[in-house]
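Note sheet for the following structure.
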Amino acid sequence: MPPEIFASYSREDQAQVFPIVDKLRERGLNIWIDQEGIHGAKLWSQEIVNAIESSKVFILFASAKAFVSKNVTKELALASESDKHILPIFIEDAEIPAAMKYQLAGIQHLVHEQGQTEQTVDNILRTLGNLDIQSTEPQPTAVTPSPVATKPVSKIPLVTASLVIALLALFFIFKPSNKSPAYELSQPTEEELLTDQSEIEPLDKKRIVLLPFKNIGTAGENDHIVEGIVDDLNTMLTNVDGLKVIGSVSAKTYRDSNKSTAEIGQELNAGTLLQGSIQKNGTNLKINVRLIDTTSSENIWANSFSGSESDRGKFQQEIIQSIVNITKGTLIAKSELGSLNIGDTQNTEAYSLVKRGLDLLYHHSRAANQNANILFRKAIELDPNYADAYSGMAFSLNQSINLSLSEPQQSIPLAKQYLNKALKINPNHLESQIQKVSITLEYDWDSKQSLSNLEKLLKKHPNNPLLLKFAGEFYSFSGKIDQSIDILKNGLALDPKNAWTHQHLAFAYLISGDEKLAEYHNKEALNIRPNFQFALHIRSLILSSQKRFKEIEKELLRAIEDDAQNPVTMMSLGIVYWRSGEQEKAYQLLAELLDRRNFEYIKGGILTRFYIAIDEQEKAFKWLKKSRDEKDADFINLFYWPLYDKVRENPEFIQIYKDAGLYEYLIKREI
């Protein structure tokens, strides 16, 4: 008789698990559990696969040890794929890892307290009874009721696992793990979630993650140089055909992590991992690296490079060539390797300034942007032929417009000059090419040229997380939602902890009408970056539509305080106040933004959104025209913004975009 229940656990937890299983068997339940100790190559055997597929319920005895078990991960993935009812039983508090988060996100957990085996068994029996799985003995009647249990449980037919778990919460003592994210996630269906199916397959040796290198030396000194060297290696590797490189944003989350290489490999589905350390004393530079097979945790290759700081580029090329040879990516010729370093600098101070500036820009705050601008200028003074410095300067100017720090007519021509300089030094400088595509569409409104250039970049760099993030953003703002979602999913497969990619995917889902998935990815973005301006604005729209006004008000007030009265966040708060019935507070914030417009640049795109949200359509269109005339990047991006759903068919709204020559491009959703 096939088992009705499959029990998955870590063998290190057997002292807690076996007594529970034995009691369940005494009650007549048919349970499959590996108590025989299958080891080695037979561990993931056909017997286990058959047992999972033939069972009705998959019980996961959750613990820290279970969550790092390769076999438990495989068993859970197969159960999820086979659409089994999954019942997690936490035998200790433990944080759910990324490799299991999609299967377990939002599911409430039955908790086993030490010494309470009988109570746990009774609760399991009640749970299984609701799934039409009965023991051969009558259920015990003297059961201590949970505080919320008000009536006996009746049998229900088989339904989806998420609904069963939700119903069971009415009858049993469930509690979520106290290690859950700051934002509680509802559970989308498995088909809806962005799942990286490679998580349940053998680890791909050509998926490689470069962990942050250790800085050997005085704490805080040379940190940006060490980080920059690894970032450069990461970028160079994305140019190798046949390799998939985990994005540096996700890799950096493992800085100072005590997780093993096997755990990191499982979480990122990366079969190869590069670790290293860098020591810099004066002009002397020493780099130690080792390449690791994450499946076996064995070293594949290791080397040490010693010389002067001027040898940095040579060392990086040698490391890249060694990785390519070992992983059997498409071999890079010496001449091609050298081209990856075109426009680099030998000036250590300039190098450090640029890396610090780029780190600041990632925070996307007004103060950080202004500080980054200063650093890039200093770097250009130190080395007028440093491509990254010019590209960083252009990036800071472009970002300053989005942060309402400068006007487009002032900053965009300067940004173009810096980009042209960077591309003159290195015609293949990818970051500069991406920025140029953005400006060509958002400022020059040359949709044909920008699309053509973007398609060429995607063909040349199909596995670059930065490009995939940008392309997804580009397509979502252009209304090409299917392309956007597909590209952003690919981007997350390579950079799963990138807040920008999560947020642009949230925006794309919101436009598509899937608010559930939009909220999921929006929460993921804010878990990674709590004060992310764009993510907070989208969250304000989602939560206010759900009438969760106080919750989002608190988050926005904190963000405004942390980011120097950011006008986008103030606008978001004003919309929340309006929708919650606090019109006076909304008008106060609107008046403040209008007053600030007299002495600082406040984008027309901010004010048009505010007015459309408070149903002042005439003024909204007035500011939309200002956004158009100022060449504010918001103008082209606002066409598909959810706030404009009610006016998108309005003749005046349409005419505003026709006058800009963009209407046909925006309504043509196919490329």
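Figures for the structure shown
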| item | result |
| --- | --- |
| Efficiency of FRET between GLN583 and GLN655 - r from beta-carbon atoms, R0 30 angstrom, step 0.05 | 0.50 |
| Net length gained if the chain between GLN279 and LYS619 were fully extended (0.36 nm per residue, minus Cα distance) | 116.5 nm |
| Spatially near lysine pairs across segment 197-341, Cα under 13 Å, sequence gap of 8 or more or different chains | 10 |
| Within segment 422-463: backbone nitrogen closer than 19 Å to the ASP482 label point (7 Å, Cα to C-beta) | 455 |
| Whole-number Å³ per residue for the convex hull built on Cα positions in segment 525-569 | 62 Å³ |
| 17 Å Cα-Cα reach of LYS84 towards lysines, excluding residues that sit fewer than 8 places from it in its own chain | LYS56, LYS74, LYS101 |
| Charge sum, other residues only, whose C-beta stays under 13 Å from ASN347's C-beta, Lys/Arg counted +1 and Asp/Glu -1 | -3 |
| Extension reserve of the SER260-GLN346 stretch, reckoned as 0.36 nm per residue once the Cα distance is removed | 27.4 nm |
| Burial ordering of HIS224, HIS521, fewest other beta-carbon atoms within 10 Å first | HIS224, HIS521 |
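Every number here is computed from the coordinates shown, using simple stated rules; none is lab data. A quick note: this is a predicted structure, and the numbers were derived from the prediction, not measured. Because the Cβ atoms are built from the backbone with ideal geometry, glycine has one as well, and the counts that use them run over all protein chains shown.
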